[in-house]
Amino acid sequence: MNVRAFRLSAVASLFLSVSASLYAEVSWFPLGPFGGDARAFAADPRDAKHIYLGTATGWVYDSHDGGITWKRVAQIAHRNDLVIDHILADTKDPLRLIVGGFTPEHPDGGLWISEDGGQNWYAQAEMHGQAVLSLARSASDPQILIAGTLRGVFRSKDNGTHWSQISPPASTEIHEVESIAIDPTNPEVIYAGTWHLPWKTIDGGAHWENIKNGIIDDSDVFSIIIDPTQPKVVYASACSGIYKSLNAAGEFKKVQGIPSTARRTRKLAQDPKHLNTVYAGTTEGLYRTLDGGEHWSRLTGPELIVNDVYIDPENPDHVLLATDRGGVLASENAGESFHSSNGGFSARQIIAYASDPHNPARLYVGVVNDKEVGGVFTSSNAGLSWQQKSSGLGGRDVFSLAATQDGVILAGTNRGIFRLQDDNWLDTGVLHASSEKPPVVVVGAKGVAVRPRGEKSAGAKKAAAAEHLDDLIYTITPEVNAIYAGTSNGLLRGDAFGNGWTRVSSLKMDEVRYVAIDGHTLLAAGLKQMQVSSNAGQSWKPVELPAGLTQVSALAIDDTKTIWVGGREGLFRSSNQGESWQPTTGLALNDVDSIYFDAPNQRLLVTTAQSSFVFAVHVPDYKVNYWNSGWKLRFARPVGDHLVAATLFDGVVVQPRMVDSAVAPLNPGTSPASAVAATAISAQP
């Protein structure tokens, strides 16, 4: 394949949508793999086909075709840690949007408002720092909004411009408000579900009543919905099940039909045209009742975690699910069957990468935290489209990938090493005792055993059962005659086909996260230590880390045998096997998270976790090119005359077109922001 061709073919439409005058401001284009964590939906009240989608990484997407395809609108506050669980579109002004967000690791978040359809956002000052867990608009008075936060219940009477707390600030009960519902006929009647029990006010918050009658004590209340025509009919979902009240929460009764194991029903949604039809999105799949909760049936597999349910108000057969890992699922038959609907939506965490040495347009990436819908994705067109190829991985996280000159594709996972064969991943993690010659693997009807090399088959009866390799595999690094793997239990060596793995006992290092090879020179490093071998691993000597470097986060060696190491404090190099180090100064190279030696182009590609720049350090003159990708990156790799890179949480991005940036010496004393050259975008050959 001519890699240059993709500049004009598959991404020409993307290029034409961006003005060439933007130059350096234009971001690299996100191209999947599609899917990931989707959190919340909201529809344009004037156009049911126009749907917004909130994510777990601060991004807001929208779709203009009912959820078939998605595009990024904006990242709220440029934060990767912001979970967007609620989006409200103004009923009178569809360009006015309000989102509520929180951070899962610490109590933080807020409300943000857009007046231009999501292109630009500003923070609402009175809710600054509040972890917004729930958000609702009154149907009878759209100017009234109610928010639930870790601190309590808040209300706005002017469409989100100003807010005040309406729950007692000193309350020991009304806090951690996970769910909110407003009576459709009376905005003074508000229901609030907390992490322990539900509450209700009938006077706009002046007085609150606990409405726990019939609900199991200490129940987290995730969702509350009110029948729009019969406000006394109230449904509430909790960690202890689903409850229904026929008297405005005077008493609840637990509905039957959902197994007790599906305890976390995150979302209830009522069909707007068939009010006895209610969907329950749980941590163990989607359920539906057609008779107001008397009977329930599960519509999906139990592995599905459902965060939100959208029912098209014009066509209730059209149902969307926002799910963990699987992104958006769509149904055209009221939930009887679902299919993936993630075109344009990518929230994958890419950790690993490999490319076919004989076909640079064929790429492999590995993801974590996505279980059966993750694993490995492949592209045959330099990253323009991706297909999942994870059969045999069993939902494992993929931390490393390697493609050898012999055509072997290996995946290092959180539990062992796998080889790709006939579109299936085969477990190669049979671990042998350390020896100069790996033993012979014997596969029989009763399992796998090993025997010393040279022993005849008849001797297999004496063979002991092989130890299975279940290490976490941080890195896989091939060389001509062997493959090395850095693991949670030291360094492994296998043959050139990924067989016969043995522990490199000569290396005294408990955990090896990074491996670099140049000929007979091997480097191995953990977070706090590094060792080097000059004789292909027969013996090792410790290498002192650069002064001031607190932790290793990246490692490489170029073909001049210069060692490069990166970490929070920057990028360092040594031309004498670590006896002395030269720091890199003058460039924004803190928090280095990847160093890759691109031998054909005689350069190191360096990325940092806290900037959007890709740095190319040329060998041996140490001059630097750099490009602004517009994304915070995990790593960057060459594909023909382009670069592809993995973002921190949003999949793969592709450089629009490779052009030279300004070239600076390694220690120029200038910042990339003042010198980075324009990234030219052209629709011309």
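The values are calculated or read from the model by the stated rules, or taken from the named source; none is laboratory data. Values in this document were obtained by computation on a predicted structure and should not be read as measured data. Glycine also receives a Cβ, built like all others from the backbone with ideal geometry; neighbour counts cover every protein chain displayed.
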Worksheet item: When you go through (1) surrounded by 14 or more Cβ atoms within 10 Å (Cβ to Cβ); (2) closer than 30 Å to G110 by Cβ; (3) acidic (D, E) one by one for D203, which number turns out not to apply?
Response: (1)
Discussion item. Tell me the residue from T149, T185 that is surrounded by fewer than 20 Cβ atoms within 10 Å (Cβ to Cβ) and of a type outside the set (F, W, Y), please.
Written reply: T185
Discussion item. Being farther than 17 Å from S575 by Cβ and in contact with a strand residue (DSSP E or B) (Cβ under 7 Å, 6 or more places away or on another chain) narrows it down to one residue among L527, L545, L491; which is it?
Written reply: L491
Practice prompt. For the stretch 58-79, enumerate the residues that are part of a loop (DSSP other than H, G, I, E, B), touching a residue at least 40 places away in the same chain (Cβ under 8 Å) and within 15 Å of W112 (Cα to Cα).
Written response: G58
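Per-residue answers, yes or no, for (1) of a type in the set (F, W, Y); (2) free of Cβ contacts under 8 Å to residues at least 60 places away in the same chain; (3) assigned by TED's automatic domain parsing to the domain that holds V234; (4) part of a loop (DSSP other than H, G, I, E, B):
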| site | (1), (2), (3), (4) |
| --- | --- |
| P168 | no, yes, yes, yes |
| I180 | no, yes, yes, no |
| T185 | no, yes, yes, yes |
| Y191 | yes, yes, yes, no |
| H196 | no, yes, yes, yes |
| A206 | no, yes, yes, yes |
Worksheet item: Which residues, taken from the stretch 45-61, are buried (at least 21 other Cβ atoms within 10 Å of the Cβ) and on the phi < 0 side of the Ramachandran plot?
Response: I51, Y52, L53, G54, T55, A56, T57, W59, V60, Y61
Response to the item:
In the stretch 417-433, residues that are in a loop (DSSP other than H, G, I, E, B), out of contact with any Gly (no Cβ under 6 Å at 6 or more places or on another chain) and more than 21 Å from S355 (Cβ to Cβ) total 1
Worksheet entry | Single residue of L95, L135 found to be out of contact with any helix residue (DSSP H, G or I) (no Cβ under 9 Å at 6 or more places or on another chain) and surrounded by 23 or more Cβ atoms within 10 Å (Cβ to Cβ) | L135
Discussion item. Residues that are under 32 Å from the mean Cα position of the chain (by Cα): list the strands (runs of 3 or more DSSP E) wholly contained in the stretch 530-621 that include at least 3 such residues.
Written reply: 554-557, 563-567, 570-574, 592-598, 603-608, 613-618
Practice prompt. Take the stretch 150-166 and flag every residue that is touching a His at 6+ places or on another chain (Cβ under 8 Å) and in contact (Cβ under 8 Å) with a residue 24 or more places away in the chain.
Written response: L150, R151, G152
